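In what follows, a single structure is set out as structure tokens and then discussed.
The values are calculated or read from the model by the stated rules, or taken from the named source; none is laboratory data. Here the structure is a predicted model, which means the values were calculated and not measured. As a convention, Cβ positions derive from the backbone with ideal geometry for all residues, glycine included, and neighbour counts pool all protein chains shown. Just so you know, the surface numbers come from the protein's heavy atoms only, side chains and all, with ligands and any DNA or RNA stripped out. Shrake-Rupley method; radii C 1.70, N 1.55, O 1.52, S 1.80 Å.
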Amino acid sequence: METNILGHRIRLARTMRGMTQVQLADAIGLAAGNGVSAIERGLQSVSVAQLETIARTLDVTAAQLLGETDLVVGAAKGVA
């Protein structure tokens with residue numbers, strides 16, 4: 001059973017968007033290196049603000065990243 005749902009879903013949404021970890025890190029203002037990798041592996045937590053920024057960058061909702069709804073890239077369009 002997946003214990004790191006958030007990290008797994010961030011990785012999935014990132015790859016669905018065709019983004020690298022470095023590209024995501026740059027887009028959300030994380031230092032390059034292991035930042036996104038650590039989040040995806042569940043080694044680093046994210047704040048609510050970071051979660052919202054990641055979701056917006058990946059064009060999904062925070063609820064999708066948290067596993068509350070199905071992950072559909074582009075679903076965040078029109079969401080305030």
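Subtracting the Cα-Cα distance of Thr20 and Leu43 from their residue separation scaled by 0.36 nm leaves 6.4 nm. Here the chain has 54 percent of its accessible surface on carbon and sulfur atoms, given a 1.4 Å probe and all protein chains in place. Out of these labelled values of Rg/Rh (Cα atoms, Kirkwood Rh), [x] 0.97; [y] 1.00; [z] 0.92, which was calculated from the coordinates shown here? Given [x] 0.97; [y] 1.00; [z] 0.92, the calculated one carries the label [z]. Taken along the Cα-to-beta-carbon direction at a fixed 7 Å, the label points for Asp70 and Asn4 span 2.7 nm.
The Cβ shell under 13 Å around Ala13 holds other residues with a net charge of +2, Lys and Arg each +1, Asp and Glu each -1. Solvent exposure of the chain, expressed per residue, is 59 Å² of accessible area, with all protein chains present and a 1.4 angstrom probe.
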